[in-house]
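The values are calculated or read from the model by the stated rules, or taken from the named source; none is laboratory data. Worth saying up front: this structure is predicted, and the values here are computed from it rather than measured. Please note: Cβ atoms are built from the backbone with ideal geometry, for glycine as well, and neighbour counts cover all protein chains shown.
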Amino acid sequence: MAQKEVYKSVPGILRPFKEYCQSIGLSEGDQIAYYGCAGTCTPFVELLAVAIRGLKAEQVFTPLLDETKAKKIVNVPDIGMQVSGGPAALHPKALVIMGGLAMPDVPVKKEQVQALIKKHGNVKVIGVCFMSMFEKAGWLDTFSFDLMIDATIDPVTVTKK
């Protein structure tokens, strides 16, 4: 996949994500399904969900790849987008694969993700990771993303008293 643009900060993650979702015609009645690790990926999924809330598409989070545990992402007034809705039936127009799935010791193999993509047929596949995780895990040689956002969290400055 060729690098097109380089952005900075949180808007550098959210803006291209929203623009891509708009470009594929994601709108009310469509569904976008996020797959990631509970806890670590969830806050990033909710942040991405905020970026496209105006599209009024149904958004769903699936922990790891276990679609029996899929939950709706809903707008909670005065809080934001939260994985807190009831169970969700999956019929995605787009899949978002979070980089946490590619982390060492996470029980997900790239071949399982490839099978998931194939199962859902003609869907757009978006990858969102940090620190080149998909590349480091060797996932880019198994399937390609229609859009991949790879952010860097560096440096991390910690100040203590």
* To do: Give the residues of segment 52-61 that are surrounded by fewer than 20 Cβ atoms within 10 Å (Cβ to Cβ) and more than 14 Å from residue 93 (Cβ to Cβ), sorted by residue number.
  => 53, 54
* Structure fact -> Apart from one, (1) in contact with a helix residue (DSSP H, G or I) (Cβ under 6 Å, 6 or more places away or on another chain); (2) touching a residue at least 40 places away in the same chain (Cβ under 8 Å) all hold for residue 113; the odd one out is (1)
* **Residue selected from segment 97-127 under the condition part of a strand (DSSP E or B) and touching a Leu at 6+ places or on another chain (Cβ under 7 Å), by the criterion farthest from residue 44 (Cα to Cα)** => 125
* To do: Give segment 26-57 a look and list any residue that's touching a residue at least 12 places away in the same chain (Cβ under 8 Å), outside any helix (DSSP H, G or I) and small (Gly, Ala, Ser), or say none.
  => 27, 29, 33, 36, 38, 57
* To do: For residue 92, state whether it is closer than 21 Å to residue 40 by Cβ, of a type outside the set (A, V, I, L, M, F, W, C), at pLDDT 95 or above and assigned to a loop (DSSP other than H, G, I, E, B).
  => no
* **Among (1) part of a strand (DSSP E or B); (2) under 16 Å from residue 43 (Cα atoms); (3) modelled with pLDDT of 95 or more, the one test that residue 84 misses** => (3)
* **Qualifying residues in segment 125-142 (those that are touching a strand residue (DSSP E or B) at 6+ places or on another chain (Cβ under 7 Å) and touching a residue at least 24 places away in the same chain (Cβ under 8 Å)) - the one farthest from residue 110 (Cα to Cα)** => 130
* Asked: Which residue, of 115, 151, is of a type outside the set (S, T, N, Q) and farther than 20 Å from residue 20 by Cβ?
  -> 115
* Residues located in segment 5-19, provided they are assigned to a helix (DSSP H, G or I), of a type in the set (Phe, Trp, Tyr) and over 23 Å from residue 70 (Cα atoms) -> none
* To do: Take the residues in segment 19-51 that are surrounded by fewer than 17 Cβ atoms within 10 Å (Cβ to Cβ) and acidic (Asp, Glu), then tell me which one is nearest to residue 91 (Cα to Cα).
  => 28
* To do: Could you list all residues from segment 26-51 that are touching a Lys or Arg at 6+ places or on another chain (Cβ under 8 Å), closer than 23 Å to residue 143 by Cβ and not polar (S, T, N, Q)?
  => 26, 30, 32
